[in-house]
Amino acid sequence: MKKRMHSVVLGGCIALVAMQPGFAMAATGGEARIQELERQMQGLVSELKNRQNSIETLTRQVASLESRISTNSAVQGAGPGVGQDKAEIKSMIEQAVLAREKESPLSPFSFGGYGEIHANFNEGSVNGQSRDQIDVHRLVGLVGYEFADWIKFKSEIELEHAFVEEDGAKGELELEQAYVDFLLSDLANVRVGRVLTPLAHTNQHHEPTTFYSVERPNFDKYIIPSTWWSDGLGLFGNLAPNLSYEAYLVAGLDGSKFSNDGIRNGRIKDVPSLNDMAVTFRLDYYPFMGNTSAWGRNLRLGASFYRGGINNGVEGKDPGKSGDLTIYAGDFGVRLSDLELKGAGAIEEINGTQGLTVGVAEEIFGYYLEAGYHVMPEAWKTGKLKNSDAVVFARYDKQDTQHGMPAGVAVNSDKDRHDWTFGLAFYPVPNLVLKADYQVLASEGADPDNAINLGIGWQF
Amino acid sequence: MNCLKSILAGSLFAVSALALSGCVAGARDGLFGPGAENSGMAKGRGYFMRECSKCHRYIMPSERSAEEWPKILAGKKNKVSLTGTQFQELSDYVIAESKAAKAP
């Protein structure tokens, strides 16, 4: 009886469940849902295949473009392969310039500077006293202003030896450059003001990061007295992409200050006279600049010339003094991978002289040759030293400020010098250099003392 | 002395003659091969050699990456004696040369 009751209750429950709405539909709807999911799955698989095909197509297109760019680069050497590259570069530069201009409201101005501090140790002494010294040799400020895209001003003010004595015995505060450029065309532009006399190379390129010795080459002290500036006006430009020129009409030198050390003291640093003017020009030529191979692409040949009167003393005409100075100079520089060579030479003629100091030569001659080698291993250029460089160098300087003497004037053979300089320049960053060198100084007369020099120089 | 003078004067003459002959050759053949685009590159290289060496040792475009150059160049625009167009040609050359040097 009890079993029968259980069966009745169980059957009732089943009947109740079976009577719930949708029960029968659920059974048939599940199958439909499965079919729907299968359709969706097939759609997704199909979409995935399409996308895979698209990716493969794009991959092939990228590979093709890369190949074309590579081919163009190989054919055209350093040139950008396609116009798109040039547009991209232009955009990059414009963005960088804009970003910089946003950074400063002084964007028409340009500021810079350089400086050098030297320690000089001489092997000899004077009257038993050491001449070793530390010298804040130069501290220079550069200020420029862009009046317009084609009118630019530049200036250079320099403090030498840290302090200017009242009597001017040591230390100088001087205006080395102040000129305005009118940029008219590639061929001819006008420059007006105080410019660096364009003779040899160092005179115009004298920042301490541009040369490897602690002191400038002696050639650039005694033969081309760097820093030598001239006041006047002239033209500059490019006769071709690999040939540039500068030509100026300038105030001349003061021959009354010439000495047996040459023309150095004849530079007029304040207000030069226009009594006896001079012309000067230079050419810089890169004969192999277009080479596709690296060899010789950096070779630069320079030729320069100066001719002018020397009666400019006493801020005007200097009675009883006269003469003409002519200078022929040549210079070159080249970098062949890690090897760097450079040099310069000059001949000076002082003619028709009257009333000059006894001992001033009629002919002055000098030259220097330098070889440098970049020794910093690439493997060391990492981290803080990623942009570093180190150069060992050797230089021979010859300077003879008594090369040709007027009749009856004795030669001072101490002034016929030949010096060797050996050293190392280390650039932890490109714009700062630590230098050390040893100088073996000799002459046809009494030898000067050899010297050890240490220095730090910077430019920004 | 006369010999030395002759050598220097001769060198001066030779450089001038070479340069002028280079001008003629350049005008005839194009210094970087045919194509106006390369003419711009040649100018850019000339500006680079002339302007950058005023303050720097021999530096080559390959010493910095193409990504580093724009920021470096942007700081130089007012310092060089170049118009905007000329400065752009200098920049084109420097970055293209840097890219070419770094390319595998």
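The selection criterion, being of a type in the set (S, T, N, Q), in contact (Cβ under 8 Å) with a residue 12 or more places away in the chain and under 30 Å from A:I117 (Cβ atoms), does not hold for A:T357. All conditions but one from (1) more than 26 Å from the chain's Cα centre (by Cα); (2) within 14 Å of chain B (Cβ to nearest Cβ) apply to A:G309; the one that does not is (2). Counting only residues that are assigned to a strand (DSSP E or B) and over 14 Å from A:G232 (Cβ atoms), which one in segment A:182-208 is nearest to the other protein chains (Cβ to nearest Cβ)? Filtering segment A:182-208 for residues that are assigned to a strand (DSSP E or B) and over 14 Å from A:G232 (Cβ atoms), the one nearest to the other protein chains (Cβ to nearest Cβ) comes out as A:N189.
Mind checking which residues of segment A:230-243 are crowded, with 23+ Cβ neighbours inside 10 Å and not in a loop (DSSP other than H, G, I, E, B)? A:S230, A:A240, A:L243 - these are the residues of segment A:230-243 that are crowded, with 23+ Cβ neighbours inside 10 Å and not in a loop (DSSP other than H, G, I, E, B).
This table checks each residue for (1) aliphatic (A, V, I, L, M); (2) touching a strand residue (DSSP E or B) at 6+ places or on another chain (Cβ under 8 Å).
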position	(1), (2)
A:M289	yes, yes
A:R297	no, no
A:G309	no, yes
A:D324	no, yes
A:G333	no, yes
A:D338	no, yes
A:A344	yes, yes
A:W380	no, no
A:N387	no, yes
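Conditions tested, residue by residue: (1) hydroxyl-bearing (S, T, Y); (2) at pLDDT below 95; (3) over 28 Å from the mean Cα position of the chain (by Cα).
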residue: A:D220; (1), (2), (3): no, no, no
residue: A:L235; (1), (2), (3): no, no, no
residue: A:E246; (1), (2), (3): no, no, no
residue: A:G255; (1), (2), (3): no, yes, yes
residue: A:L283; (1), (2), (3): no, no, no
residue: A:T292; (1), (2), (3): yes, yes, no
residue: A:W295; (1), (2), (3): no, yes, no
residue: A:E315; (1), (2), (3): no, yes, yes
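Against the condition aliphatic (A, V, I, L, M), assigned by TED's automatic domain parsing to the domain that holds A:H137 and touching a strand residue (DSSP E or B) at 6+ places or on another chain (Cβ under 6 Å), how does A:V192 come out, does it pass? Considered against the rule, which asks whether it is aliphatic (A, V, I, L, M), assigned by TED's automatic domain parsing to the domain that holds A:H137 and touching a strand residue (DSSP E or B) at 6+ places or on another chain (Cβ under 6 Å), A:V192 comes out as yes. All of (1) without any contact (Cβ under 8 Å) to a residue 12 or more places away in the chain; (2) within 12 Å of chain B (Cβ to nearest Cβ) hold for A:H403 with one exception: (1). Annotation for segment A:255-272: no member residue is more than 8 Å from chain B (Cβ to nearest Cβ), among the charged types (D, E, K, R) and assigned to a strand (DSSP E or B).
Which of the residues that make up segment A:258-274 are surrounded by fewer than 18 Cβ atoms within 10 Å (Cβ to Cβ) and in contact with a Gly (Cβ under 6 Å, 6 or more places away or on another chain)? Residue satisfying the conditions is A:N260 alone.
The values are calculated or read from the model by the stated rules, or taken from the named source; none is laboratory data. Everything numeric in this text was worked out from a predicted model, so none of it was measured. Note that we place each Cβ from the backbone using ideal geometry, even for glycine, and neighbour counts take in every protein chain shown.
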